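A.B. asks: Sharing a structure, written as structure tokens. Questions coming.
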Amino acid sequence: MSFSLYVEVLIQGVLTGLVYGLMALGLSVIFGVVRVVNFAHGEFAVLAMYAAFILFGLFHLDPIVASLPIAAAFFVVGYMLQRTVVQPFVTRPQHEQFILLVGLSIVIVNALLLTFGPESKHTDLSYSFDSYSLGAVLVDKARVYGAAAALVVTTALFAFFRYTLTGAAIRAAADNLTGAAVVGLDVKRLYAISFGVGLACVGAAGSIMMALTDMTPMLGPSLTLLAFTIVIVGGLGSMAGALFGGMLIGVAEALASVIASPSIKSMVSFSLLVLVLALRPQGLFGKAEA
Amino acid sequence: MLVVENLDLCYGDAQALAGVSLEVRQGAVVAIVGANGAGKTSLIRAIAGILKPKRGRILFRGQNIAGLESHRVCNLGIGQVAEGRQVFPTLTVHENLLMGAMIPRAKKRRAENLDRMLALFPRLRERTGQAAGTLSGGEQQMLAIARCLMGEPELVMFDEPSLGLSPAMAQAVLDTIVDLNRQGLSCLLVEQNVAASLELASDAYVLENGAITLSGTGAALLADDRVRQAYLGM
Ligand SMILES: Nc1ncnc2c1ncn2[C@@H]1O[C@H](COP(=O)(O)OP(=O)(O)OP(=O)(O)O)[C@@H](O)[C@H]1O
Ligand SMILES: [Mg+2]
């Protein structure tokens, strides 16, 4: 295989990885703040893909552009969901939270199957098969646009957590819950915002993915698993870790599918997961538990 | 200003408070004295709305606040300098202070209060950009006090504010409390240095196994044989 092919695969992997990273970031934010694992994360990504598919069908809206309104809508959904369904489970044992969210994922998948059927769907964009060429290296246009959009959303999120008072209050609640209650932070509201932000990430990422791949209702579990792998490799609760983990998994999977075969993709990312868990259980960017 | 009536509190089956009643008058310093595990922190957390009492009333300016959520209690003007300081370790000193002013009552004068706090605690001014977790114990206690004052409280509950501090730092914390009280702040004080807290206090209560067993003026309890034996080692 030629050198330029490796460069190409590497770049494609990083670009796809940024979109994966954005999806995983949502899982990481929800877990890092609310301490609930969103087992329906991949199903929400699929839901966003359908939303993007429908918007494309109705208004010919580019899924990458649609990622913004879909993220906004998902924020509202996440906020309401935390306020109504998830909040009562925050102080319950983990296996009860697990049942709640797995139950939710099953509802989503079956609702999608009932409404849209099991067929795979895709969007035909004018630039779907275009690419930029850098010498001998070809890079898909769609991936470049998708990665750029993912970066924009991620940067906005970093800025929100870093520079706004609400962002600081969310970090405070994640840092010291007793301290948050002591100073009178409205923790339930902050949890709702965090769940909303988490779903906004997966909403934007799912919508962007609609421009990159085909989609079926059954894609959910594998995306949930993908997000888990990324978050654990990058380090639970670390935003930079989720993004870096996304790129790492993106590159690893892309390389594996050209060197060996596409079907070996998940094996490579799980091997990476096992390796990280064995050598650095807190993840690449995670802090060791005291 | 604050009246607690017949408060019961349980952790599961274990009763932590049984029929606790006390009063903090406007402008007073009221001390609570009790051994480890007596229920002092539980009492403060129940008043703050962090723990839900099983029975009893907590009246603040005549309004029953028992069972109210903690952020609402805070917004009424009841602040807390909690046991173990409870700063936000990864947030900067500046951000920690701002978190004290997130309640609606304190939003308007946030910038003004921030300047006031940095003038009051110069050691914090030098460290505004530093993560709170990197401060010394004494500095963290100053931060916890300043953060609480950012919320413009009328009553502050101090839970062992000098625990783990050097003698000089502990004295500085107690002096700060005296100063704040002179400026009109009402205080509920739980302090391991029982002699010092009874000297400051206009009124005091002894809490044993979750129940009030003795009460009186600070001076009276300081002279009481039972208190001297049990808490002052005399
Ligand atoms: N979260 C909890 N769950 C169960 N029991 C608790 C909990 N917190 C405190 N207790 C129990 O309630 C009782 C009162 O504890 P509390 O912390 O209020 O005492 P305290 O007077 O503040 O003690 P200290 O001087 O050690 O701070 C103790 O018996 C303690 O073991
Ligand atoms: Mg205590």
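A.B. asks: Specify which of the listed residues (B:85, B:55, B:45) is in contact (Cβ under 8 Å) with a residue 40 or more places away in the chain, under 25 Å from residue B:162 (Cβ atoms) and among the basic types (Lys, Arg).
C.D. replies: B:85
A.B. asks: Being at negative phi and in contact with a Cys (Cβ under 7 Å, 6 or more places away or on another chain) is the requirement here; does residue A:22 meet it?
C.D. replies: Yes; evaluated as a whole, the condition is true for this residue.
A.B. asks: Determine which member of the set A:167, A:220, A:234 is under 18 Å from residue A:37 (Cβ atoms) and in contact with a Phe, Trp or Tyr (Cβ under 6 Å, 6 or more places away or on another chain).
C.D. replies: A:234
A.B. asks: Please determine, by comparing only the residues of the range A:173-188 that are within 18 Å of residue B:106 (Cα to Cα) and within 27 Å of the chain's Cα centre (by Cα), which one is nearest to the other protein chains (Cβ to nearest Cβ).
C.D. replies: Filtering first and then ranking leaves A:186.
A.B. asks: What's the total number of residues in the range B:91-143 that are exposed (fewer than 15 other Cβ atoms within 10 Å of the Cβ), hydroxyl-bearing (Ser, Thr, Tyr) and more than 21 Å from the chain's Cα centre (by Cα)?
C.D. replies: Residues that pass the stated criteria total 2.
A.B. asks: Quick check on my filter: what residues within the range B:173-194 are surrounded by 16 or more Cβ atoms within 10 Å (Cβ to Cβ), more than 16 Å from ligand 1 (Cβ to nearest atom) and either more than 21 Å from residue B:151 (Cβ to Cβ) or of a type in the set (D, E, K, R) (or both)?
C.D. replies: Answer for the range B:173-194, where residues must be surrounded by 16 or more Cβ atoms within 10 Å (Cβ to Cβ), more than 16 Å from ligand 1 (Cβ to nearest atom) and either more than 21 Å from residue B:151 (Cβ to Cβ) or of a type in the set (D, E, K, R) (or both): just B:174.
A.B. asks: Right, something else. Need at least 3 residues that are more than 16 Å from ligand 2 (Cβ to nearest atom) and in contact (Cβ under 8 Å) with a residue 12 or more places away in the chain per element, so show me which strands (runs of 3 or more DSSP E) inside the range B:123-234 make the cut, counting only ones lying wholly within it.
C.D. replies: On the way: elements: B:155-159, B:186-190, B:203-208, B:211-217.
Passing ranges, in order: B:211-217.
Table: residues versus (1) assigned to a helix (DSSP H, G or I); (2) free of Cβ contacts under 8 Å to residues at least 40 places away in the same chain; (3) over 18 Å from residue A:211 (Cβ atoms).
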| site | (1), (2), (3) |
| --- | --- |
| A:29 | yes, no, yes |
| A:49 | yes, no, no |
| A:66 | yes, no, no |
| A:69 | yes, yes, no |
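A.B. asks: Checking residue A:203 against (1) under 16 Å from residue A:50 (Cα atoms); (2) within 14 Å of chain B (Cβ to nearest Cβ), only one condition comes out false. Which one?
C.D. replies: Among (1) under 16 Å from residue A:50 (Cα atoms); (2) within 14 Å of chain B (Cβ to nearest Cβ), residue A:203 violates only (2).
A.B. asks: Listed residues B:105, B:116, B:110; which is more than 14 Å from every other protein chain (Cβ to nearest Cβ) and over 11 Å from residue A:183 (Cα atoms)? Before the answer, list the steps.
C.D. replies: Numbers: B:105 fails: more than 14 Å from every other protein chain (Cβ to nearest Cβ); B:110 fails: more than 14 Å from every other protein chain (Cβ to nearest Cβ).
Within the list B:105, B:116, B:110, the selection yields B:116.
A.B. asks: Within the range B:50-83, how many residues are within 12 Å of residue B:9 (Cα to Cα) and either away from ligand 1 (no atom under 12 Å from the Cβ) or among the polar types (S, T, N, Q) (or both)?
C.D. replies: The qualifying residues number 8.
A.B. asks: Of all residues in the range B:1-36, how many are outside any strand (DSSP E or B) and either in contact with a Ser or Thr (Cβ under 7 Å, 6 or more places away or on another chain) or aromatic (Phe, Trp, Tyr) (or both)?
C.D. replies: 4
A.B. asks: Could you list, in sequence order, the residues of the range B:64-93 that are outside any loop (DSSP other than H, G, I, E, B), under 21 Å from residue A:33 (Cα atoms) and at the interface with chain A (Cβ under 10 Å from one of its Cβ atoms)?
C.D. replies: B:70, B:71, B:92, listed by residue number.
A.B. asks: Now, a different point. Restricting to the range B:119-144, name every residue that is under 22 Å from residue B:78 (Cα atoms) and within 12 Å of chain A (Cβ to nearest Cβ).
C.D. replies: B:140, B:143, B:144
A.B. asks: Can you tell which of A:227, A:168, A:211 is touching a Leu at 6+ places or on another chain (Cβ under 7 Å) and either within 11 Å of chain B (Cβ to nearest Cβ) or surrounded by fewer than 22 Cβ atoms within 10 Å (Cβ to Cβ) (or both)?
C.D. replies: A:168
A.B. asks: Another question, then. So which residues in the range B:157-167 are touching a helix residue (DSSP H, G or I) at 6+ places or on another chain (Cβ under 6 Å) and either within 12 Å of chain A (Cβ to nearest Cβ) or away from ligand 1 (no atom under 16 Å from the Cβ) (or both)?
C.D. replies: B:157, B:159
A.B. asks: Now a separate question. Hey, among the residues in the range B:38-63 that are within 14 Å of chain A (Cβ to nearest Cβ) and under 13 Å from the mean Cα position of the chain (by Cα), which one's nearest to ligand 2 (Cβ to nearest atom)?
C.D. replies: Out of the qualifying residues, it is B:41.
A.B. asks: Only residues that are at pLDDT 95 or above and either under 15 Å from residue B:15 (Cα atoms) or away from ligand 1 (no atom under 12 Å from the Cβ) (or both): list them for the range B:28-37, please.
C.D. replies: If the condition is that a residue be at pLDDT 95 or above and either under 15 Å from residue B:15 (Cα atoms) or away from ligand 1 (no atom under 12 Å from the Cβ) (or both), then B:28, B:29, B:30, B:31 are the ones that fit.
A.B. asks: Right, next: Tell me the residue from A:184, A:196, A:203 that is on the phi > 0 side of the Ramachandran plot and out of contact with any Pro (no Cβ under 7 Å at 6 or more places or on another chain), please.
C.D. replies: Result of the check over A:184, A:196, A:203: A:184.
A.B. asks: So which of B:35, B:66 is surrounded by fewer than 22 Cβ atoms within 10 Å (Cβ to Cβ), more than 18 Å from residue A:176 (Cβ to Cβ) and within 16 Å of ligand 2 (Cβ to nearest atom)?
C.D. replies: Residue meeting the stated conditions: B:35.
A.B. asks: Then there's this: Would you check which residues across the range A:254-273 are surrounded by fewer than 12 Cβ atoms within 10 Å (Cβ to Cβ) and either within 19 Å of the chain's Cα centre (by Cα) or part of a helix (DSSP H, G or I) (or both) and list them?
C.D. replies: Scanning the range A:254-273 gives A:262, A:263.
A.B. asks: Based on this model, can you work out whether residue B:20 counts as more than 16 Å from ligand 2 (Cβ to nearest atom) and in contact with a Leu (Cβ under 6 Å, 6 or more places away or on another chain)?
C.D. replies: no
The values are calculated or read from the model by the stated rules, or taken from the named source; none is laboratory data. As the structure is a computational prediction, the values presented were derived from the model and not from experiment. Don't worry about glycine lacking a Cβ; one is built from the backbone with ideal geometry, like all the others, and counts go over all protein chains shown.
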